[in-house]
Structures are given as structure tokens and as C-alpha cells.
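The values are calculated or read from the model by the stated rules, or taken from the named source; none is laboratory data. The shown structure was predicted, so the numbers you read here are calculated from the model rather than taken from an experiment. Here the Cβ positions follow ideal geometry from the backbone for every residue, glycine too, while neighbour counts run over all protein chains shown. Accessible surface areas use protein heavy atoms only, side chains included; no ligands, DNA or RNA. Shrake-Rupley method; radii C 1.70, N 1.55, O 1.52, S 1.80 Å.
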There are 2 protein chains.
Amino acid sequence: MGKITKLPIVHYGAAGGEEMEDTVTKEFQLTIVFNGKELVTVACSPAEMDYLATGFLLSEGLITFKEDIRSLAIDESKGQAVVETVTASLKQPRNLFLAAGGARSGSTLNDLADESPKVVRSQRMLKAVWVSEMMEDFKQRSEVFKDTGGVHSAAIADEEKILFFSEDVGRHNAIDKVFGWCLLNGVSTCDKVLLTSGRISSEMLLKAAKRDVPFIITKAAPTDLGVEIGAKLGVTLIGFVRDGKMNVYSQNWRITSEA
Amino acid sequence: MGKITKLPIVHYGAAGGEEMEDTVTKEFQLTIVFNGKELVTVACSPAEMDYLATGFLLSEGLITFKEDIRSLAIDESKGQAVVETVTASLKQPRNLFLAAGGARSGSTLNDLADESPKVVRSQRMLKAVWVSEMMEDFKQRSEVFKDTGGVHSAAIADEEKILFFSEDVGRHNAIDKVFGWCLLNGVSTCDKVLLTSGRISSEMLLKAAKRDVPFIITKAAPTDLGVEIGAKLGVTLIGFVRDGKMNVYSQNWRITSEA
């Protein structure tokens, strides 16, 4: 399985919107089955997954030596790394720790297999030029990043302005802070725009769709699975918003190139 | 609690090493206690932690409305967000999902409170100029990033060359792949150098220390907690390795400015 793929996008620049092809990084969901039990599902690049499973178990303290591993098999069709250890009594992980930048979500791809996946039905449209302007405003607000280079930021905006801006060492934390602010302040998120400084993978799309957010915008890149979920769940995903240009990866009908 | 702090560093440039002060982003460990039970520990920036806890519970599907929350209190001294809901029977998270970029570790700060934290005892030293050269080599290897901008990379090197290089949509996955490769190929990690394209927070230092890696090097920024753990656990942490310059945040004695 390759690590990259080509996807059709609409690129907006000085000359308006233009259909082209973009190279996007692949995202794969690998479930580590440890001694017969599903331990964790990790979103990863589909390469060297035997090393990933081994390193994960090592980092979690579940194995110590190569000799602890009785067998290790990657089943790409099932999306599984099946690991058996020599002794089944190796210690279990004591608790879940989410590190900075630590993505996690109750949403997995299983949500997509539900009878009726929750599609974002917002009819809101945005001008491409507005997207560029809002991203400039967003970038200028990141004071901590200017000082340290060490944080990500997220914000929620309506069609006029940014309503709330947040920074965190974790890109998912920054988004959770934004949604937390909305809930605690009675701000509805449908028809709103989510801005993020970070890369966009599947769980961000699921998170946005759960909150009925029709737009997710980043200065960085998406993954192919993020794009796929954006298309399925009706979220307009816009990446590489820089210098008046941008790539629309899904639900492009919500973007207009009028001035 | 502020979101940034000042730390003493040694900056290496054309004129050799120079002691100065650097502004570093703060990292805080917040445990969400949900209806009396420790749900998760999240490494975050110490601000708007009420929004973070709310957004986390929202994203996990554990609450739906503001009215679901009976009480929400942040206790900075204990590092806790204590949340009580109106009905205790709200659904529990079904399983742990780790998203792209999803950091997680069996190591928490509790490890530091152990009787004898594991200190990296390597006596290996490196020339600053070597660090710059190795980072250049490292950056040039990232083919997928060049194509897509969507992945992080990690590598393990000895004092001569990069031994194994890996890329992944998750920066922690890339590091796990590196350590997995080492274990499966019988490559000892003591005296080695870990390179990463991403920001360095506490759990990366703990992960490196567990594998006896004395050097962790990034082109990006560290957090203050990462620096603190590097100092305590004997790991030399080098950040902002760019254009022949770098900042050494901990255990500077391992770096020499000789040519």
C-alpha cells in the first residue's frame, strides 16, 4: 500500500477556481490486537506497520525484548496488527494518557458504517477571498506561537469574524477548547467555520461533523481519509490557505470565487 | 498560570555556544475526573481548561448539552478538572481511538515520582556541527512531506549516519516505528540519536529515556515540561536546528562547539 495518493481538488488563486489533481498523504486505521484483545486503533501511514505495532507495545511497556513476541502479523484487509506474546501475563497498560498533540476521539470509522451517518446539511456558502482574509486574521492572533513556535491554534468564526480563538500544545486540545467555549456560551456551531493551524486527519472531520460545522479550514495539509470523510459527511475541507491561494478538497459547491 | 515561560539555554551559531534565555511554551497535565472517576490525563496548555474539559467530553460523546453539566471545577494544584453530570448514566467511551498525530504513552509524570527514575547515563558527546549536518540529511529524506506536507518523520542515528528513517501521519507513530525497527533488528538504542520533525513534549522525552536514548533533536520547538524532564532524566534536548544554528535546552555538556 502506497503512502500517498492523488485526489481531484479545486484550486483557488488569482484567476479563480480551477480543477486539478493534488498529492495527498494516506491515512490508515490500524487496530492492534494484543493476545486476542483489541488494544487500540491508531491512525497511521500505511507502511512499516509491523514496526509501528512493535514500537507502540514497547512504548506502552507491554513488551521489553524482541523475544517477548511470539508472532506478529499485519492483515491489511482487516486493518489489524495481530501480536501474540510468549507469556500472556505481561502487564496491562495502567491508564490512558493523552500527550500534547494527542489526538483521540470517540468517533472511529465505525461511525461511518452506521445506518445513517450524520451529514452536515448547512447551505451556507463562502467567498474564497473571505477564506483567505479570515486565515490571515487567524494567523496574526497566535501570540504564543510567535513567541515559542510550540503551540497550535484553533478558532470558530461566523461569516463576519472570528468569535473565539484558542491555543494549545495539542492541536486537538485547541479544537476541543473551541467547541467547549461554544457549548458553555450557548453558541451554536452549525453554519460556522472551524479554523485550525494543524494538519487535518479523519478524526477532525468527524469531530466537526458531530458539531454540524460545514467548513474546516487549515493553512496545512489534509490526509486522504480526512478528504473522504469530508466528502461523505458534507463538510467543506479547505487546505493550504496561504497567500491568497487555497485548495478545496471536498464539498466545493460551498465556495464561490466572486469578489 | 501563564502559557509561556523563560528558560536558560545554550544557543549554538557561527560563533560557538552562548548562554541565553529562550521563551518556551508551557505544558500542563490535566486529569479529567468524570463523575468521580479519572477518565483521562491530557497534556495541554494551562489556559481555558474548563473549555478543554467540556470540549473533550463533548467530542467523546459523554455530554451533549451545557445542561448535562451539573458542576465543572478546575483545581490547578491537583491538576484536575472535576466534572459532574446531571445523570450519571451518560454513556461511557466505547474504546480508545488514537488519531493521526495521536500521542499517547504509558508513561505519565507519575513515572518521575518513582523512587529511582531511570536516568540516561550515556557519556556520548556530539559536535554541534554534526547535529546540523545530520538534521540536513534528515530533512532531505522526507519524500512524502515534500509531496504532501502531511506527515512527520523520525529517525535513529549513530555518530556517523542515519540508521533508519520513518514517516507517518502521526509524529508519535513515526517515533514508535523507529523504536520498533530497532527492537526487531537488534539495534541497541543507548548512545544513539533520535531525530524528529515535530515538536517535543514530555511524553517524547519519557519515551526516549525509556529506550536509553541520550539525544533527541528537532527542527521544531520543545515544551517547558519536555525540557524539565530532559534535565531530570539525563536526555540532551536540542531544538530549532536550522541553518547551522540550534538551541540546547538540557544536558548541554554532551555538545561541543569544536569543528
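Only one of the listed residues (A:Ile216, A:Ile175, A:Ile200, A:Ile162) is over 20 Å from A:Ala128 (Cα atoms) and either buried (at least 24 other Cβ atoms within 10 Å of the Cβ) or not small (Gly, Ala, Ser) (or both). That residue is A:Ile175.
Total residues in the stretch A:154-175 satisfying the condition of being of a type in the set (Asp, Glu) and either farther than 17 Å from B:Leu30 by Cα or modelled with pLDDT of 90 or more (or both): the figure is 3. Filter the stretch B:7-17 for residues that are modelled with pLDDT under 90 and in a strand (DSSP E or B); which is farthest from B:Gly79 (Cα to Cα)? Looking at the filtered set, the residue picked out is B:Gly16. Within the stretch A:124-157, being free of Cβ contacts under 8 Å to residues at least 24 places away in the same chain, within 14 Å of another protein chain (Cβ to nearest Cβ), under 18 Å from A:Ala220 (Cα atoms) and not in a loop (DSSP other than H, G, I, E, B) holds for one residue alone: A:Lys146. Filtering the stretch A:10-51 to residues that are among the hydroxyl-bearing types (Ser, Thr, Tyr) and either open to solvent by 30 Å² or more (accessible area, probe 1.4 Å) or within 9 Å of chain B (Cβ to nearest Cβ) (or both) leaves A:Thr23, A:Thr25, A:Thr41, A:Ser45, A:Tyr51.
Listed here are the residues, each with its yes/no results for (1) touching a residue at least 24 places away in the same chain (Cβ under 8 Å); (2) more than 26 Å from the chain's Cα centre (by Cα).
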| position | (1), (2) |
| --- | --- |
| B:Leu30 | yes, no |
| B:Val42 | no, no |
| B:Ala47 | yes, no |
| B:Tyr51 | no, no |
| B:Phe56 | yes, no |
| B:Glu67 | no, yes |
| B:Arg70 | no, yes |
| B:Ile74 | yes, no |
| B:Val82 | yes, no |
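Run B:Lys207 past the list (1) closer than 21 Å to B:Ser122 by Cα; (2) among the basic types (Lys, Arg); (3) more than 10 Å from the chain's Cα centre (by Cα) and report the number of the one that doesn't hold. Here B:Lys207 clears every test but (3).
Only a single criterion out of (1) more than 25 Å from A:Glu60 (Cβ to Cβ); (2) open to solvent by 10 Å² or more (accessible area, probe 1.4 Å); (3) of a type in the set (A, V, I, L, M); (4) within 14 Å of chain A (Cβ to nearest Cβ) is not satisfied by B:Ala259, namely (4).
Going by what's in this entry, would B:Ile216 be described as aliphatic (A, V, I, L, M), modelled with pLDDT of 90 or more and within 12 Å of A:Ser59 (Cα to Cα)? Spelling it out, it is not the case that B:Ile216 is aliphatic (A, V, I, L, M), modelled with pLDDT of 90 or more and within 12 Å of A:Ser59 (Cα to Cα). Residues in the stretch B:181-188: is at least one of a type outside the set (D, E, K, R), open to solvent by 40 Å² or more (accessible area, probe 1.4 Å) and closer than 18 Å to B:Lys118 by Cα? For the stretch B:181-188, residues of a type outside the set (D, E, K, R), open to solvent by 40 Å² or more (accessible area, probe 1.4 Å) and closer than 18 Å to B:Lys118 by Cα: present.
In the stretch B:52-67, how many residues are within 18 Å of A:Arg171 (Cβ to Cβ) and open to solvent by 50 Å² or more (accessible area, probe 1.4 Å)?
Residues that pass the stated criteria total 0.
When the stretch B:139-156 is filtered for residues that are surrounded by fewer than 24 Cβ atoms within 10 Å (Cβ to Cβ) and either among the aliphatic types (A, V, I, L, M) or on the phi > 0 side of the Ramachandran plot (or both), the ones remaining, listed by number, are B:Val144, B:Gly149, B:Ile156.
Tally up the residues in the stretch B:209-241 that are within 11 Å of chain A (Cβ to nearest Cβ) and in contact (Cβ under 8 Å) with a residue 60 or more places away in the chain, please.
Residues in the stretch B:209-241 being within 11 Å of chain A (Cβ to nearest Cβ) and in contact (Cβ under 8 Å) with a residue 60 or more places away in the chain: 9 in total.
Of the conditions (1) closer than 23 Å to A:Lys127 by Cβ; (2) among the polar types (S, T, N, Q); (3) in contact with a helix residue (DSSP H, G or I) (Cβ under 7 Å, 6 or more places away or on another chain), A:Thr218 fails just one. Which one is it? All conditions are met except number (3). Could you say whether any residue in the stretch B:7-14 is under 30 Å from B:Arg254 (Cβ atoms) and out of contact with any strand residue (DSSP E or B) (no Cβ under 7 Å at 6 or more places or on another chain)? For the stretch B:7-14, residues under 30 Å from B:Arg254 (Cβ atoms) and out of contact with any strand residue (DSSP E or B) (no Cβ under 7 Å at 6 or more places or on another chain): present. Residues satisfying the criterion are absent from the stretch B:237-247 (criterion: open to solvent by 10 Å² or more (accessible area, probe 1.4 Å), modelled with pLDDT under 90, in contact with a Lys or Arg (Cβ under 8 Å, 6 or more places away or on another chain) and of a type in the set (Lys, Arg)). Name the one entry in B:Ala113, B:Ala103 that is open to solvent by 30 Å² or more (accessible area, probe 1.4 Å), under 20 Å from B:Arg211 (Cα atoms) and modelled with pLDDT under 85. Checking each option against the conditions leaves just B:Ala113. Residue check: A:Asp191 meets all listed conditions (1) more than 13 Å from every other protein chain (Cβ to nearest Cβ); (2) touching a strand residue (DSSP E or B) at 6+ places or on another chain (Cβ under 8 Å); (3) surrounded by fewer than 22 Cβ atoms within 10 Å (Cβ to Cβ) but one, namely (2).
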